[in-house]
Amino acid sequence: MLDTIKKIETPEGVELPLTCAGFYVRSIAWLLDALIQGVLLFLLGIALPSLGDFGMGLFLIAVFIINWFYPVLFEIYMHGQTPGKKVMKIQVLLMDGTLVNWGASMLRNLLRTVDFLPFFYILGFISMLFSKDFRRLGDLAADTIVVYKRSQQHIARIPHAEPAAPPIALTAREQQSIVSYAERLSQFSPERAEELALLATPLVKDLDQQSGHAASDRIVSIANYLVGRR
Amino acid sequence: MNQARFIELHEQQWLLLEVLCNEQLHPDKIARRHSRQAKRKAKHYQPKSLYEEQILVLPPELIEQADFPALYREVCQHLSLAEARRYSPYLIERLSILVEQAHQAFYRPVHVYGDSALSAIIRFFTWTFPRTVRREINWLWLSSLLFYGPLLAMIIVIQFRPEFVYSVLSPDSVSGMEAMYDPQAEHIGRERGSGSDSKMFGFYIFNNTSIGFRTFASGLLLGIGSLFTLLFNGLHIGAVAGHLTHLGYSDTFWPFVVGHSAFELTAIALSGAAGLKLGFSLLMPGRKSRYQALLDSAKISVRIMGGVAIMFVMAAFIEAYWSSTQLIDAQTKYTVGALLWLLVTGYFAFVGRRSDESSNPALEMEPQAERLTDKREF
Amino acid sequence: MNPEALTLEVRPRSPWEAMDLSVRLCMQHWRILLSGWLVTVLPIFVIISMLLLETHPFWAFILVWYLKPLYDRVPLFILSRLIFSEPLNWRDVLKAVPGFFQTGLLSSLTLYRLDMGRAFALPTVQLEGLRGKQRTRRMSALRRGAKNREVVLFVLCIHLESFLSWGLLGMVLILLPTDLALKGFELVQVNDESPLWVNALSMMMYFLAMMVMEILYVAGGFMLYLNRRTILEGWDIELTFRRLQRKYQQKHSRQKNRLSAARAAAAVILLCLILPLGISEPLNAAEVPYDDLRYELILPPLAEQKTEPGKSTEVIQAVMQEPVFNRYKTISQLKYTGDTAKQKKSDDYSDFIRSIAKFFEMIGQVLARLFEAGLWILLLILVLLIIKYWSRLKIAFNGFKKTSTADKRPETLFGLDIREQSLPDDVRAEALKLIQSRQYRAALALLYRASLAYLVRHHALELQPGATEGDCVQVVQQHLSSKQQISYFIELTRAWQLTAYAHRTLPEAQLKKLVTDGAVFYEYLKPESDNRSDEPEGYGHG
């Protein structure tokens, strides 16, 4: 099955799914960062030269630091997220799923120069196309990966209903589907919801087909049973 | 056990772990929690977010006494159980996210040698950096050959065939250089009218360090980039030096450059060495796969680059504030220059030679868990 | 065709993830995508170039660009087959070409040519065959709540395409001889005056870049479309339910006409794709109140902490009335009042500005001095610190002379206590005694500890506290000169490892031999003091 998820195993023996972030979302994040850097430099460029030569010197140092260390510092101190990445909810991690360290962050950002070649990240783009987890050359050398940061979602509500035991034994996958049907019920149109529910013949075969949403109700009841409201 | 009961039983542990993770990764949150708990005691305090509600639900002493590693392992187990028992996907997702956060908090990079950043820096410069350079000394020799070779050759050639300078430099830049080091010039070593010491300090940091970084990075292109940059810079510097010497500007040129040359030239050679190592790991991976060879060499080269960055800053400092002064006579400058060369050589030759080279390589960062490993039991 | 053959993991994703997945899909099937593109689109490029490039290069590029919706049909056709892992080659693509002209091409090229969500809308036209009002209704249903990600995709792809074509062009020009390349750079703006070769080169690069990016763009749009429908219609759920149904049918009805439930199911899946299903008004999930939403499942109710919803306004107002907040302050600020005032004052004003600038510059100069002084002081402090802590840092400079490592000697290695105090006076006798009482493990542990203690004490071997058995062997090999001693130590280590970790019992003879061979090691070992523990703290009895 084709998917963008990379599973890593922690030393505790738990598998964590990391969703690799591709170049679309990363280029937006990059753009945001570039904007922030630009605005910073612009402001400094207005403010500092009024201090004369000394200001110019400071400005040049600022240019240097913002150019090379803006991503590094943010990745270290904001746990793998530059402001742009934070907005796009993506994060840099080491390949074992831990936070980046100084070495890796320095490496991937120094090697940005190479990714930029020959023109506007063409090499990085090609590298991201061909590597499995959308890693540019800097990521490959530093052994890092950019992933979507998961955050606790609002948990969709399973509508309350009289719990009903499923008439047949269900596999795990089927159970999960039934629960997620109930959880996503509000997103479906009523007709579609009923149509979907009717597909699960063995669960709804004894129902009176005339009433509008009997099948859907039945599935929700089973879901209620499955999540333990019994 | 059904899901509802499972949640009921472990809910508090999960909340606790979430709070602990947050406080491990963001130490400032501890103080905020304290203030919130204090506020909570005062009446009428409304929690602003769900996270706050969670914190306030937990008894403070539970947070203070919690054993993070044990709790983490326990929640890992909960996740495995939830997966095995096929609980609701949302519950599994929630636990999985929690475990991911805790995984990151638990294995986050921690300075092993003392906890402060300062001790890590001291450790780096008295141990890791010089030792790494010594271990990779062959790459340094190679890059020095590629850098100093053309440099010296150019100086010598120009003494006999002065017109050679134009093969590297454009006539404009040659005349610019001449103006900069003209003994009658107001500011030696600088373009006429360009700013003060501090401006040049900024400029040197910005310009030279960037060049160094690029020398390193372009090494990833099978070493060609570093090779080219080293040769080019060698020829360029050699041409300038040769030309000015030939013109008879030795008295202004050499005292100016001798001070910072130790740091700057060595830093360039080191950048080249790191880049070459990177590129050649792809060309000649040895017994490893090419990718593995790249990973290994990249880890080492970036350490060198960390030191190189500081060397460039020092070179910039010397160049801006020492080399440019005209109050100090040439003799002193030569002496100081020689001393600095000695210092740099001595630093790389001797610092960090505590024990035999074969002992464990000094790792800068190690996962926190290393410290937590138990004594081996039979 | 079989729904199990679906090569994608179907689940609701975020739009970004859907786009990423499309890239993976393209990379997995790049051969067929490229070959399909080449057999169909390349001829169009060649024909247009031959006809127009020499005479009207500008129009040639415009035309090539304009026909993009036509090319889009090719990758979408291939992809819609591929996701069901239907075998496909370039001949099938060629055969399908006539069909493309009946997929609303005219409206795509006219009415919707500048539609930024082209690739997102294409499946409704090409696969579902919707036209006119139907199409509009469908698209608005699909787009509702989709945050226009298809437009973002379009913008990104258009940029990537131009970067890619410029990058490729730049690369080629760099590889050309310098004078040609310089000319090329000057002429690269396509206009009627540029020589044919430059235009042809540009066209080629444009073709390559477009090939890559159009395929990615169409795939991205397609994935966004599939993802929307997965969310709105619950495809993933449908898939499992259908499998459930099939399982049930196979079990119970066992009819001969197993027209293969699989095939039937697959047909319906394809129907899903081809026929519009009623997506009407998806309810907005956000309407459910927040408090109930989250942790409804998980959190015990926190009701006792909440104020009633209506009262909060009163509470806030009451708080705001308190003296801490109820405070007013007059703040005056300058406001632009028009040109006349400014003109009058302009002279004063510029003077003022100038003096301010001068002032700042002076501050700058002062700061520069301070900065420089600061740097020098920093250097001084650094030097002083180095001098002050020289004795501590000296460890780092120890290349010249080896200081005594006595204070650094490890006391335990891999859990074994190797302090001499912990050893018995006569190691060999003690070991033999243990062997006779069949405590082989304890005997070996004793021997091994004793030899380590000897090595650390008499040869000043630098064993780090974290060293492993292997590390010890390595260090011994490097530092001991006597071959006999080295080989003895290796043998002992191996015996120890076998006993301690592999839990093997070694023959008694071998152990006794180890005791006798190790004379050198143990005889030198005389305890320094008397206050030693008699028994090695319980190790070796495991």
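The values are calculated or read from the model by the stated rules, or taken from the named source; none is laboratory data. Nothing here was measured: the structure is a model prediction, and the numbers come from that model. Counting neighbours? That spans all protein chains shown, and the Cβs are built from the backbone with ideal geometry, glycine included. The protein model used for the area step is the full one, side chains on, heavy atoms only, and it has no ligands, DNA or RNA in it. Shrake-Rupley method; radii C 1.70, N 1.55, O 1.52, S 1.80 Å.
The rows are residues; the columns are (1) touching a residue at least 60 places away in the same chain (Cβ under 8 Å); (2) assigned by TED's automatic domain parsing to the domain that holds C:ASN148; (3) closer than 17 Å to C:PRO98 by Cα.
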| position | (1), (2), (3) |
| --- | --- |
| C:GLN28 | no, yes, no |
| C:LEU33 | yes, yes, no |
| C:GLY36 | no, yes, yes |
| C:HIS56 | yes, yes, no |
| C:ALA60 | yes, yes, no |
| C:LEU70 | no, yes, yes |
| C:PRO75 | yes, yes, yes |
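Run down A:ALA182, A:ALA141, A:ALA161 and say which single residue is touching a residue at least 24 places away in the same chain (Cβ under 8 Å) and assigned by TED's automatic domain parsing to the domain that holds A:THR98. Result: A:ALA141 is the single residue among A:ALA182, A:ALA141, A:ALA161 that is touching a residue at least 24 places away in the same chain (Cβ under 8 Å) and assigned by TED's automatic domain parsing to the domain that holds A:THR98.
Do the conditions hold for A:GLY97, that is, is it touching a Pro at 6+ places or on another chain (Cβ under 6 Å) and either over 16 Å from A:ARG150 (Cβ atoms) or modelled with pLDDT under 95 (or both)? No, not satisfied.
Out of everything in segment C:77-95 that is free of Cβ contacts under 8 Å to residues at least 12 places away in the same chain and part of a helix (DSSP H, G or I), what residue ends up being surrounded by the most Cβ atoms within 10 Å (Cβ to Cβ)? Walk me through how you get there before you give the answer.
Going residue by residue through segment C:77-95, those that are free of Cβ contacts under 8 Å to residues at least 12 places away in the same chain are C:81, C:87, C:91-92, C:95.
Still in the list and also part of a helix (DSSP H, G or I): C:81, C:91-92, C:95.
Values: C:ARG81: 18, C:ARG91: 11, C:ASP92: 15, C:LYS95: 9.
Restricting to residues being free of Cβ contacts under 8 Å to residues at least 12 places away in the same chain and part of a helix (DSSP H, G or I), the top hit is C:ARG81.
Give the number of residues within segment C:500-518 that are aliphatic (A, V, I, L, M), assigned to a helix (DSSP H, G or I) and free of Cβ contacts under 8 Å to residues at least 12 places away in the same chain. Before you say what the answer is, go through the steps one by one.
The first filter runs over segment C:500-518 and keeps only residues aliphatic (A, V, I, L, M), leaving C:500, C:502, C:506, C:509, C:511, C:514-515.
Then drop every residue that is not assigned to a helix (DSSP H, G or I), which leaves C:500, C:509, C:511, C:514-515.
From what's left, free of Cβ contacts under 8 Å to residues at least 12 places away in the same chain: C:509.
Selection size over segment C:500-518: 1.
I need the full set of residues from segment B:200-232 which are in contact (Cβ under 8 Å) with a residue 24 or more places away in the chain, more than 9 Å from every other protein chain (Cβ to nearest Cβ) and either out of contact with any Gly (no Cβ under 9 Å at 6 or more places or on another chain) or not in a loop (DSSP other than H, G, I, E, B) (or both), in order please. Once the filter is applied, which keeps residues that are in contact (Cβ under 8 Å) with a residue 24 or more places away in the chain, more than 9 Å from every other protein chain (Cβ to nearest Cβ) and either out of contact with any Gly (no Cβ under 9 Å at 6 or more places or on another chain) or not in a loop (DSSP other than H, G, I, E, B) (or both), segment B:200-232 yields B:ASN208, B:ILE211, B:GLY212, B:THR215, B:ILE224, B:SER226, B:LEU227, B:THR229, B:LEU230, B:LEU231.
Once segment A:186-228 is narrowed to residues that are crowded, with 22+ Cβ neighbours inside 10 Å and within 14 Å of chain B (Cβ to nearest Cβ), the residue that is farthest from C:GLN250 (Cα to Cα) is A:VAL227.
Taken over segment A:120-144, the criterion of being touching a strand residue (DSSP E or B) at 6+ places or on another chain (Cβ under 6 Å) and not in a loop (DSSP other than H, G, I, E, B) is satisfied by A:THR144 alone. For C:TYR440, the criteria (1) open to solvent by 60 Å² or more (accessible area, probe 1.4 Å); (2) within 14 Å of chain B (Cβ to nearest Cβ) hold in every case but one, which is (1). Cβ separations smaller than 8 Å between residues 6+ apart or across chains give the following pairs from segment B:116-128 residues that are over 14 Å from B:MET311 (Cβ atoms) to residues that are open to solvent by 30 Å² or more (accessible area, probe 1.4 Å) and at pLDDT 80 or above: B:THR128/B:ARG303.
For segment C:96-176, which fully contained helices (runs of 4 or more DSSP H) count at least 2 residues that are within 12 Å of chain A (Cβ to nearest Cβ) and surrounded by fewer than 13 Cβ atoms within 10 Å (Cβ to Cβ)? Quick ask: steps written out before the conclusion?
Details: elements: C:105-109, C:118-126, C:132-143, C:149-175.
Hits in segment C:96-176: C:149-175.
Per the conditions (1) touching a strand residue (DSSP E or B) at 6+ places or on another chain (Cβ under 7 Å); (2) more than 14 Å from chain C (Cβ to nearest Cβ), the sole criterion not satisfied by A:ARG112 is (1).
Within segment A:94-111, the set of residues being closer than 27 Å to A:PRO17 by Cα and assigned to a helix (DSSP H, G or I) comprises A:TRP102, A:GLY103, A:ALA104, A:SER105, A:MET106, A:LEU107, A:ARG108, A:ASN109. When C:THR7, C:THR40 are checked against the criterion of being β-branched (Val, Ile, Thr), under 25 Å from C:THR110 (Cα atoms) and assigned by TED's automatic domain parsing to the domain that holds C:TYR206, a single residue qualifies: C:THR40. Against the definition (modelled with pLDDT under 85, over 30 Å from A:ILE145 (Cα atoms) and over 26 Å from the mean Cα position of the chain (by Cα)), how does B:THR325 come out, yes or no? Yes, satisfied.
Looking for whichever is small (Gly, Ala, Ser), surrounded by 15 or more Cβ atoms within 10 Å (Cβ to Cβ), within 14 Å of chain C (Cβ to nearest Cβ) and more than 30 Å from B:GLU74 (Cα to Cα) here; the options are A:ALA34, A:ALA47, A:ALA62. Which one fits? I'd like the intermediate steps shown before the answer.
On the way: A:ALA34 fails: surrounded by 15 or more Cβ atoms within 10 Å (Cβ to Cβ); A:ALA47 fails: surrounded by 15 or more Cβ atoms within 10 Å (Cβ to Cβ).
Unique residue meeting the criteria: A:ALA62.
Go through segment B:1-111 and tell me which helices (runs of 4 or more DSSP H), entirely inside it, have 3 or more residues that are away from every other protein chain (no Cβ under 12 Å) and either under 30 Å from A:VAL179 (Cα atoms) or modelled with pLDDT of 85 or more (or both). Walk me through it before giving the result.
Values: elements: B:3-25, B:28-41, B:50-57, B:60-65, B:68-84, B:89-106.
The helices (runs of 4 or more DSSP H) meeting that bar are B:3-25.
For C:GLN510, state whether it is in contact with a His (Cβ under 9 Å, 6 or more places away or on another chain) and of a type outside the set (Asp, Glu). Step through it out loud before you land on a result.
Details: in contact with a His (Cβ under 9 Å, 6 or more places away or on another chain): no; of a type outside the set (Asp, Glu): yes.
When the stated conditions are applied, C:GLN510 does not pass them.
Every condition in (1) at pLDDT 90 or above; (2) within 40 Å of the chain's Cα centre (by Cα); (3) open to solvent by less than 30 Å² (accessible area, probe 1.4 Å) holds for C:ILE48 except the one numbered (2).
Results for (1) at pLDDT below 90; (2) of a type in the set (Gly, Ala, Ser); (3) farther than 18 Å from C:PRO57 by Cα, shown as yes or no for each residue.
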{"residue": "C:VAL155", "(1), (2), (3)": "no, no, yes"}
{"residue": "C:GLY167", "(1), (2), (3)": "yes, yes, yes"}
{"residue": "C:THR178", "(1), (2), (3)": "yes, no, yes"}
{"residue": "C:ALA181", "(1), (2), (3)": "yes, yes, yes"}
{"residue": "C:GLU186", "(1), (2), (3)": "yes, no, no"}
{"residue": "C:ASN191", "(1), (2), (3)": "yes, no, no"}
{"residue": "C:ILE215", "(1), (2), (3)": "no, no, yes"}
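Among residues of segment B:303-320 that are among the aromatic types (Phe, Trp, Tyr), those with a Cβ under 6 angstrom from a residue that is buried (at least 20 other Cβ atoms within 10 Å of the Cβ) and at pLDDT 90 or above, sequence gap 6+ or separate chain, pair up as B:PHE312/B:ASN208; B:PHE312/B:THR209; B:PHE312/B:GLY212; B:PHE312/B:ALA267.
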